[in-house]
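Novice: Sharing a structure with you now.
FYI, it's all coordinate maths here, none of it is from the lab. Source: prediction; values computed, not measured. Methodologically, a virtual Cβ is constructed for each residue, glycine included, from the backbone with ideal geometry; neighbour enumeration extends over all protein chains shown.
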Amino acid sequence: MSTTIKDTQKMIEEILDAYPEKSKKERAKHLAANDPTGQCTTCQVKSNVKSRPGVMTVRGCAYAGAKGVVWGPVKDQITISHGPIGCGQYSWWSRRNYYNGQTGIDAFGTMHITTDFQEKNIVYGGDKGLDLAIKELRGLFPLGRGIGILSECPVGLIGDDIEAVSKRVAKEINIPIVPVRCEGFRGVSQSLGHHIANDTIKDYVLGKGTLEKTTPYDVNLIGDYNIGGDAWASRKILEEMGLRVIAQYTGDSTINELGIASKAKLNLIHCYRSMNYICRTMEENYGIPWMEFNFFGPTKTFDSIRKIAGKFDEKIQKNAEAVIAKYTPLMEKVVAQFRPKLDGKKVMLYVGGLRPRHTIGAYEDLGMEVVASGYEFGHSDDYKRTYPDMKEGAVIMDDATLYEMEEFTRRLKPDMVGSGIKEKYTYHKLGVPFRQMHSWDYSGPYHGFDGFPVFARDMDMTVNSPTWGLIRRQRA
Amino acid sequence: MKIRDHSELFKQQDYQEQFERKKEFENPWPAEKVREISDWTKTEEYKELNFKRENVKINPAKACQPLGAVFCASGFEGSMPFVQGAQGCVAYFRSHLSRHFKEPFAAISTSMTEDAAVFGGLNNMLEGLENAYALYKPKMIAVSTTCMAEVIGDDLNAYIKTAKEKGIVPQDLLIPFANTPSFVGSHIVGYDNMMKGILKALWAGKKGEANGKINIIPGFDTYTGNYQEIKRLMAMMGIEATVLADVSDTFDSPNSGEYKLYPGGTPIPDAMDGVNALATVALQKYSTVKTTDYIQKEWGQKTLTLSPIGIRNTDAFFAELSKLTGKPVPAEVEAERGRVVDAMVDSHPYVHGKRFALVGDPDILLGMMSLIMEMGGEPVHVVCTNGDKHFEAEANELLASSPFGGNGKVYAGKDMWHLRSLLFTDPVDVLIGNSYAKFLTQDTGTPLVRIGFPIFDRHHLHRQPIIGYQGALNLVTMLVNTVLDELDRKTEGSASFDVIR
C-alpha cells in the first residue's frame, strides 16, 4: 500500500474518532483513500445503505428522486404531489429543469399541485379525494397530456390504492395516469425514487407514443434534466453530428417523447445513476443498446463525440470530426483565458448523480485537481467508475455528513468546494470558495461546447472573487 | 470573449431552430388551441370552475408544520432541531430555509425507513440522539415530527424518557418535543407547537421571583431585521426584554471565516427565566395561539398580541407597552413616527386609490392591509392559504373599519391559482407576495412587491425590518417605488416619462 493511501487512511481514522462506536464502525466503511487501480481491497467504499440516524446526512428521499428528478421535468404532465403540503412546496421549481411551453396551459413545470392531505385523509384515506382531484385538474387543464401521482409518506402508510384510482379514472378521461409509489420512507435515499420512477415510465408510457418515421440515426438523450438548459446544449452537438434526437429523458420532455423512445437505435445516457434502469429495460424489451457519455469539458466531450460516432456509419464519424474541428479553437480560447487563473487549484466535490465523476475532466481541462469526491446516493457501480478518474490517495466519501465535510475541508484545504444548497453557506462562513453543483448556482448550461465557457467563467468567479479576501478571520 | 449563459444563449437563432425541430417529437397542441385555452383561463367562466375546486391545491402559499418547528427550535442557544421521521423532510427544510436566508441551517433527521414503518421509530430516535449529541454537542435537542412518525404514532415522550433512562444522553439534557403533523395546519402552527413544547420544558420548575422583564415572541417571522429592530426599540424604551426564540443570529450571522454550528439564539438561562416575566408580548397572532394560551393558563402570566406592522398597529404596540411597564414612549420613537408619517404624506399620491392583491401568512397580511389603507390604497384580493375562519373574520373586520376596505374580499384557504383568476377578472395595480408570486406577474403583468416567505429570487430583503416605524418606512419605500417603476415602464417613450415625481 502506498504512503499516499496510508496518509489519507490515517486522516480518515482521526476524523472518525468523534463518532460513537456503532456509527464509527458503520461510517468507516463509507470513507476511503482512492486507489485508481482497484487493487486495494480496503479502498472500496460501501454505498447505497441506510444513513445513520442523527448524523446529519445530506440525503433526500424517494419522492425527491421520483418527483424532483425524473417525473418533475416532464413538461406536459400534470404532476400531483399526493399527500401533505410540504413535499411539493419544498421541491417547487428548485431544480431548474428548463422547458419551452406556456405554463398552466400546455406545460406545467413551474407549478406546485398537491392534494394537501388533512387529518380526515389520514383517517378515512385519500383515494376518493384523489379521484376528484384528477377530475378537477382535467377540467382546469384540458391540454395536459398525462397525470402523475407522486406519493408522499402517508399514502403508503395508510394503505391507499392509488393504482386502482389511476386505472379507473384513466379510462374515464383517456390520458395516461401514472401512480408512482415514491413514499419518502422507501429505500435509503433519492436513488430508489429514480428506480421506481423509471419503472413507471416503462409500465405506463414507454412504447405508446406517435412517431411518423424513423431513421438510422435516431437516438435518445437519457439522464439529462436540462438544468439551466444542459440538455439543449447537449442536443445541439448530437444534431450537429447528424443524429436525430427523438426523445429527451426527461428535461424539457413530453409524454410523447417518453413514449417513442422505444423506437430509437441507441440510448445515450449522461446520468447513469438515475436512468440506467430505463436503458436496461429498452435493451431487454426493444433490443436498443446504450452507452454512457460525458459532455463536461472539451477533453471528455471530444472523446464522447468520437465514441458515439463509432456506433454509426462513416458519415456520422466524418461529421463528428468536423464538429470537433469546428469547436476546438473556441475551447482553446476558453482554456487560454481561464486556465492561468485556475491552474493548480484543488477541488472537493460532494454531489449526486453523475457529477462527482463526470465533472473531473472539465476541472482538469482548466488545470484544477479534484482531491476529494463523493456521492450522496451513489451505488458501487458509480464508485467503480470513479476510482480510475481520481488520483491515488484522493478522498472518496459516501453519504458524507456535515461533520465529515467540515473536517475534510480543514485538513485538505481545497481552493473550492462543489456541493449543494445545504452546504453552500457553511462554506461561505468558512471563507472557502463554493459553487452549487446541483443547480449550477442558478447559472448554466454546463454541458457541451456552449456550457464549458459558462462553467469556466463560473469556476473563475468562485475561486477568484475578491469578496473572500474581505473576510476578517477571527483568531481563536 | 463574450460568454453567454442561459439568460442569453437560448434566444440565439440556432437554439430557436432547435426548439422548432424538437416539436416533431413532442406531440404539441396546435398554437391556436393553446391560445384559445390560454384566453379561456382569463375568463369569468374559468374563474367559476377554478373556485369550485375542492380537492386539489395549485400553487398554495403555505408549508408544513415541521418547517416552522425547526425554525423555532433554531432560535435558542446551542439548540439542535431534531426531526423524528423520514430523512427527506429535513433535507427539504434545510434547503428551503437556506434558499431564503442565504445562510447555513443545521437540523437532524432520524432517517426512518420501511422497518421503522413496521416496528416504530424508537431505535431511530435512540441512535439519532446518541449520534447527534456526540457529533454536534448541543445544549438542547428540540424534537419535532414528520408525517411518517405521526401516522405510525411514535410516542415522543416515552422514547425520550427511554433514551435518558438508558444513559444514551445525559439525564439533564434539555429535550423538548412537539408533535407537528404536516396534515394539520401549516408552518405557523408548527412554530406554535414547538414554541409551546420548548417553554414547557424550559419553564418547568423555574417559577420564582418576578424579574420585571418582558418576553417577546416574534412568531414565524422571517425578517432578521425585525429581531434587531425589536431589540433596539426595547432598549430605547428602557425595557428589559427576552426574545423567544431569537433566530436573528441563526439566519444572519457575521462572516468571520469560521462556521459556527450554533451562532447565537436566546441564552437558555434567559429563556428559562421567561417564566418569571411581567408579561409575554407576541408579535404575531396566528403563529402563537397555543403558546400564548398556554402561558396564560398554565403560568398565569399576562399575554398580549401586538403586531407592529403599519402606523396604527405600531402606535398600539407602544401605547400598550407603555401601559404595561409604566415607561413613557421616548421622544426619539415619536420622532421616528413623525419621519415615516412625513414620508407617507409625501408619497400618498402614488398609493391613494391604487388597488392591491395580497397573498401570504395571516399576520403579515393583516399588517400590510392596515398599512396600505393608511395610505389610501385599497386591498382588493386578500388570499391566505393557511388562514382559518378566525383570520377571515379578523381580516373582514379590518376591511370594514376603513373607507378604503370597501372593495376588499378575503379568501381563506385559497391559493395562487385562484388569485390568478382574480387578477384576470378583476385586475389590480400592485401584487404583494413571496417569490412564487412572480409567476402571477409573468401571467398577468401585475408588478410584485416581495414581502413574506419564502423570498428566493431577491437578496437581503429579510435583513431590513418591516415592523415598527422604521419598518413602515421600509415598506412604504418598497410600495411607492414599485408603483413608480411600473409608471416608468408604462410611460416609456411617451411624454409622461417624468423625471420629477
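Novice: What are the lysines whose alpha-carbon lies under 17 Å from the alpha-carbon of residue B:389, with same-chain residues fewer than 8 places away excluded?
Specialist: Answer for residue B:389, where 17 Å is the Cα cut-off: B:62, B:285, B:290, B:409, B:414, listed by chain and number.
Novice: Can you tell me which aspartates and glutamates have their Cα less than 16 Å from the Cα of residue B:206? Leave out same-chain residues fewer than eight positions away.
Specialist: Of all the aspartates and glutamates, those that pass the test against residue B:206 - Cα under 16 Å, at least 8 places apart if same chain - are B:172, B:270, B:273, B:298.
Novice: Considering Cα pairs under 8 angstrom that are at least six residues apart, work out the relative contact order of chain B and quote it in whole percent.
Specialist: RCO, chain B: 16 percent.
Novice: Which value at 222 nm does chain A reach when only helices count, each DSSP H run of 4 or more adding -39,500 (n - 2.57), with the total divided by all residues and rounded to the nearest 500 deg cm²/dmol?
Specialist: Per the formula, -13000 deg cm²/dmol.
Novice: Between residue B:165 and residue B:48, what length comes free when the chain is fully extended (0.36 nm per residue of separation minus the Cα-Cα distance, one decimal in nm)?
Specialist: Once the chain is fully extended between residue B:165 and residue B:48, it gains 36.2 nm.
Novice: Return the whole-Å distance between the Cα centroid of segment B:3-64 and the Cα centroid of segment B:342-394.
Specialist: 30 Å
Novice: Given N residues in chain B, what is its alpha carbon radius of gyration divided by 2.2 N^0.38 Å?
Specialist: That works out to 1.06 for chain B.
Novice: Where does segment B:1-154 land on Rg/Rh, using Cα atoms and the Kirkwood Rh?
Specialist: 1.18
Novice: Taking the alpha-carbon distance from residue A:333 and a cut-off under 16 Å, which lysines remain once sequence neighbours fewer than 8 residues away in the same chain are dropped?
Specialist: Leaving aside lysines fewer than 8 places away in the same chain, those within reach of residue A:333 are A:341, B:2.
Novice: Let me ask something else about it. Full-extension gain between residue B:158 and residue B:12, please, as 0.36 nm times their residue separation minus the C-alpha to C-alpha distance.
Specialist: Working it through step by step, the gained length comes to 46.3 nm.
Novice: Residues of segment A:422-444 with amide nitrogen under 16 Å from the 7 Å Cα-to-Cβ point of residue B:231?
Specialist: Under 16 Å, as judged by backbone N against the label point of residue B:231, lies no residue of segment A:422-444.
Novice: Considering the options A:185, A:139, A:362, tell which one lies farthest towards the positive end of the dipole of chain A, charges being +1 on Lys and Arg and -1 on Asp and Glu at the Cβ, about the Cα centre.
Specialist: Positive-end residue among those listed: A:362.
Novice: Now, a different point. Greater than 32 Å separation of Cα atoms is the criterion. Which listed pairs, A:29/A:422; A:24/B:200; A:120/B:302; B:11/B:57, meet it?
Specialist: Pairs exceeding the cut-off: A:24/B:200; A:120/B:302; B:11/B:57.
Novice: Let me ask something else. Need one number for segment A:171-325: average projected area of the convex hull over its C-alpha atoms, nm².
Specialist: The directionally averaged projection comes out at 10.4 nm².
Novice: From the phi angles alone, apply the Karplus equation (6.51, -1.76, 1.60; θ = phi - 60°) to segment B:409-421 and give each ³J(HN,Hα) in whole Hz, x where the residue is Gly or Pro.
Specialist: 9, 9, 10, 7, x, 8, 10, 6, 6, 4, 4, 4, 4
Novice: Find the centroid of the Cα atoms in segment B:149-217 and in segment A:113-176, then give the distance between the two in whole Å.
Specialist: A separation of 35 Å, based on Cα centres.
Novice: In percent, how large is the relative contact order of chain A, given Cα pairs closer than 8 Å and 6 or more residues apart?
Specialist: Worked out over chain A, it gives 18 percent.
Novice: In addition: Taking R0 as 45 Å, what's the FRET efficiency between residue B:343 and residue A:474 from their Cβ-Cβ distance, rounded to 0.05?
Specialist: 0.70
Novice: Still on this structure, I have one more. With +1 on each Lys and Arg Cβ and -1 on each Asp and Glu Cβ, and nothing else charged, work out how big the dipole of chain A is about its Cα centre, in Debye to the nearest 20.
Specialist: 600 debye
Novice: Sorted by average packing, counted as other Cβ atoms within 10 angstrom per residue and highest first, what order do A:207-219, B:270-282 take?
Specialist: B:270-282, A:207-219
Novice: Here's a follow-up. In Å and on Cα atoms, what radius of gyration and Dmax does segment B:1-62 show?
Specialist: Taking only Cα atoms of segment B:1-62, I get Rg and Dmax of 18.3, 55 Å.
Novice: Express in % the proportion of alpha carbon pairs of the protein assembly as shown at distances exceeding 37 Å.
Specialist: Working: 235830 of 476776 pairs.
That tail contains 49 percent of the Cα-Cα pairs.
Novice: If you check each cysteine of the protein assembly as shown for another cysteine whose beta-carbon is under 4.7 Å away, which ones come up empty?
Specialist: Cys with no partner Cβ under 4.7 Å: A:61, A:87, A:153, A:182, A:271, A:279, B:64, B:72, B:89, B:147, B:384.
Novice: Taking the alpha-carbon centroid of each part, what is the distance from segment B:223-272 to segment B:400-462 in angstrom?
Specialist: After rounding, the separation between the Cα centres reads 31 Å.
Novice: Follow-up question, since we're still on this one. Sort A:355-363, B:97-105, B:454-462 by packing, meaning the average of other beta carbons within 10 Å per residue, with the highest value first.
Specialist: Top to bottom by mean Cβ count within 10 Å: A:355-363, B:97-105, B:454-462.
Novice: Within 10 Å, count the other beta carbons around each residue, average over each peptide in A:368-381, A:63-76, B:316-329, B:30-43, and list them highest first. Mind dumping the intermediate values first?
Specialist: Details: A:368-381: 22.6, A:63-76: 28.4, B:316-329: 15.5, B:30-43: 13.6.
With the highest mean Cβ count within 10 Å placed first, the list reads A:63-76, A:368-381, B:316-329, B:30-43.
Novice: Follow-up question, since we're still on this one. In whole Hz, with x marking every Gly and Pro, tabulate ³J(HN,Hα) for segment A:24-39 from phi via Karplus 6.51 cos²θ - 1.76 cosθ + 1.60, θ = phi - 60°.
Specialist: Calculated HN-Hα couplings, in order: 4, 4, 5, 5, 4, 6, 9, 10, 8, 8, 6, 10, x, 7, x, 6 Hz.
Novice: What percent of all Cα-Cα pairs in segment A:278-396 falls in each 5 Å bin, counting up from 0?
Specialist: Taking all Cα pairs of segment A:278-396, the binned fractions are 2, 10, 16, 18, 17, 16, 12, 6, 2, 0 percent.
Novice: A further question on this structure: Please work out the Kirkwood hydrodynamic radius for segment B:343-501, using every pair of different C-alpha atoms, and report it in angstroms with one decimal place.
Specialist: Working: mean 1/r = 0.0629 Å⁻¹.
It is 15.9 Å.
Novice: Here's something else I'd like to know. Return the long-range amide H neighbours of residue A:374 (sequence gap of 5 or more, or a different chain), with a cut-off of under 5 Å between placed amide H atoms.
Specialist: HN-HN under 5 Å from residue A:374: A:349, A:350, A:351, A:397.
Novice: Across segment B:124-135, in residue order, what do the Karplus-derived ³J(HN,Hα) couplings come to in whole Hz, using 6.51 cos²θ - 1.76 cosθ + 1.60 with θ = phi - 60° and x for Gly and Pro?
Specialist: Each residue's phi maps through the Karplus curve to give 5, 5, 5, 5, x, 5, 4, 5, 4, 5, 5, 7 Hz.
Novice: Rounded to the nearest 20 Debye, what is the dipole magnitude of segment B:272-388 about its Cα centre when Lys and Arg each give +1 and Asp and Glu each give -1 at the C-beta?
Specialist: Roughly 180 debye for segment B:272-388.
Novice: Which one of A:388, A:225, B:496 has its Cα pushed farthest toward the positive end of the charge dipole of the protein assembly as shown, where Lys and Arg give +1 and Asp and Glu give -1 at the Cβ?
Specialist: Checked the options; the winner is A:388.
Novice: For segment A:128-273: lysine pairs with Cα atoms under 18 Å, gap of 8 or more or different chains, count?
Specialist: Close lysine pairs under the 18 Å cut-off: 13.
Novice: Now for a separate question. Set the Förster distance to 45 Å, then compute FRET efficiency between residue B:33 and residue B:258 from the Cβ-Cβ distance, nearest 0.05.
Specialist: The pair residue B:33/residue B:258 has a calculated efficiency of 0.15.
Novice: In peptide A:235-245, what is the residue-averaged number of other protein chain Cβ atoms found within 10 Å of each Cβ?
Specialist: What the average comes to for A:235-245 is 2.
Novice: How many partner chain Cβ atoms sit within 10 Å of a residue's Cβ in peptide B:141-150, on average, as a whole number?
Specialist: 4
Novice: So who's got an amide H within less than 5 Å of the one on residue B:304, skipping anything under 5 residues away but keeping other chains? H placed 1.01 Å off N, in plane.
Specialist: Residues meeting the criterion, in which the H sits 1.01 Å from N, are B:280, B:281, B:282.
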